[in-house]
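Only one structure is covered here, and it is reproduced in the block below.
The values are calculated or read from the model by the stated rules, or taken from the named source; none is laboratory data. It should be emphasised that the depicted structure is a prediction, and the values quoted were computed from it without experimental measurement. All Cβ positions, glycine included, derive from the backbone under ideal geometry; neighbour counts span all protein chains shown. Calculation scope for accessible area: heavy atoms of the full protein, side chains included, ligands and nucleic acids excluded. Shrake-Rupley method; radii C 1.70, N 1.55, O 1.52, S 1.80 Å.
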Amino acid sequence: MSKEEDTKATRRTTRSSSAAVLRDSGEIKKKCDPHIPSFNDLVFGEDTISKEDLLSNFPGRHTQILELLNLLGPLNSPMLPLFVYGGTSTGKTSVILQIFRHLNRPFVYSSCRTCYSLRTLFESILNQLLLHQKDADNGYLSAKRCEKTSDFVNFLREALVKVVKTLQGNPGKIGTKKLTGQGHGHMIYLIVDNLELVRDWDKSSSILPFLFNLHEVLNMNEVGFLFISNTSPDTYYSNMGYLDPIPVYFSEYTEDDLRKIFIRNQTNQEMYSSFLSVVLGPFYRITRHVNELSIAFSSLYKIYCEASDDLNDVPNESSKRARFSRFQPHISPALNQIFKISSPPSEVNTLKEAKRKAGSKKFGGCDSSEHLDFHMSTSAKYLLLSAFLASRNPATLDASLFDSTGGSSSRKRKKRPSEKSIEQKEISEQELLMKGPGTFPLERLLAIFQCITSVAEISLEDDQGNVAMDSQNEDSELMSDVLLQLSSLCNANFVVKGGSCPLEGSTRYRSTVSEDMALKVARSIKFPLSKYMYRR
């Protein structure tokens, strides 16, 4: 590698803190001398590390590292797709990237967190394979505009063939000279991170099987696939056939693993070990995420060391007891601040609660049933009740339950039901009870939501103010607010996605709220929920 190439930070290096290198060198990229992408950018971009350094850098991950090295296999060996999964902040991405740094093999990395749609994911992979960098000269456009899966397969196959030929030392029509210091072998690996976010995309039920089946569609032994996810493979179950990738599980860190991780790069390890013996136990019961613990420990360690002028002092038993007595009152406030544990109710909240209880007694209600343990806006409460009714009631009764009069009209002449119809109704009710809450499409949820809000004759409130329902512009704002509220209800597990209908092709939802909770929410906004519930 020439000196000119050696002083430039490659794109893969910027992924692993090349900003610090640029700050130390004090160099600023000039507009007239931009970085030209090359095939050297497909490798990690830093000096390779030994296997011993790789294992020592990740305490508690020796089993996973050795398993991944075994599954990746020797140089130029074909492999089946891998599915690396585990909880948040368990070292999945860091371990995989450092493994490729150790192996010095070319790879393409794309995260579904930055690639927020299928098109951006496709274009991110193609831009890296085609060595395309977005800048002002090309109008910050991608190398290929790709929205369809069929186009992506064709573009991907064409790009992979060129990359493999170049890695084999046969540039073909690319016209690049043979590179020194490029990745070993002619295999190229595609890494897709944060795969669980794909489930929130449009048409996710067909996107995930496509990604899992991409290895068989391409049928190229020189290409390997690695998928990284925070959720287990069971959450990606689909009725579409594809070869299941090989799962690799990253378990949560134990208390001993966290101790090794935090003490590894400390200057005074004995001082930090005495600090961890005080704080690690209480914090470990709440969270095992390394990023959250590092933020909490950084401020607490400064308070712990205030008694000593020299951070290199070796603590003895008497100094440990003195520090612990002064440091112990700071642990509980740090837990409440970092992890947002609810504080006791204030006097203002107590007065409001007393007024609410008095009002409930005045109207003959039960104060304990009307009290909610969480805060929720009015529009979210109506949307939650709409989801509950959509899951509880049969779809065929929506017209009779949610008409313009707010229910079935008393003027209509009721026909006396026959014994056969009564028997069929009882059978259907028993089947409905055994099936549990049903799924419903988004259109039905919005229709019920509009009906019950119009009957209630109340203006819905969002977090910033009231939303009127008169003009068309305000209707669009209300609709966007309703979709945001639905997303919040899904994140809080009040409403879950029940899969997609193969005939309709749209996502269906299911309410997980019990009848008691729904009645609580209804009483808090004085909505007659029992009037709209289907009962025999």
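Looking across segment 111-121, the residues that are touching a residue at least 12 places away in the same chain (Cβ under 8 Å), surrounded by fewer than 20 Cβ atoms within 10 Å (Cβ to Cβ) and more than 13 Å from the chain's Cα centre (by Cα) come down to S117, R119.
Looking only at segment 41-73, count every residue that is under 13 Å from F107 (Cβ atoms), assigned to a helix (DSSP H, G or I) and touching a Gly at 6+ places or on another chain (Cβ under 9 Å) and tell me the total. Here the count works out to 2. Of all residues in segment 238-260, none satisfies being at pLDDT below 90, under 18 Å from the mean Cα position of the chain (by Cα) and surrounded by fewer than 16 Cβ atoms within 10 Å (Cβ to Cβ).
S299 meets the stated requirement of being open to solvent by 40 Å² or more (accessible area, probe 1.4 Å) and either at positive phi or touching a residue at least 12 places away in the same chain (Cβ under 8 Å) (or both). Report yes if some residue within segment 170-184 is farther than 20 Å from G86 by Cβ, modelled with pLDDT under 90 and open to solvent by less than 20 Å² (accessible area, probe 1.4 Å); otherwise report no. The answer is yes; a qualifying residue exists.
Just a yes or no: is a residue in segment 463-483 modelled with pLDDT of 60 or more, open to solvent by 30 Å² or more (accessible area, probe 1.4 Å) and not β-branched (V, I, T)? Yes, that holds for at least one residue. Look at (1) under 20 Å from the mean Cα position of the chain (by Cα); (2) open to solvent by 70 Å² or more (accessible area, probe 1.4 Å); (3) not acidic (D, E) and you find that N221 fails only one, number (1). If you check K134 against the conditions, is it assigned by TED's automatic domain parsing to the domain that holds I191 and either at pLDDT below 90 or in contact with a Cys (Cβ under 8 Å, 6 or more places away or on another chain) (or both)? Considered against the rule, which asks whether it is assigned by TED's automatic domain parsing to the domain that holds I191 and either at pLDDT below 90 or in contact with a Cys (Cβ under 8 Å, 6 or more places away or on another chain) (or both), K134 comes out as yes.
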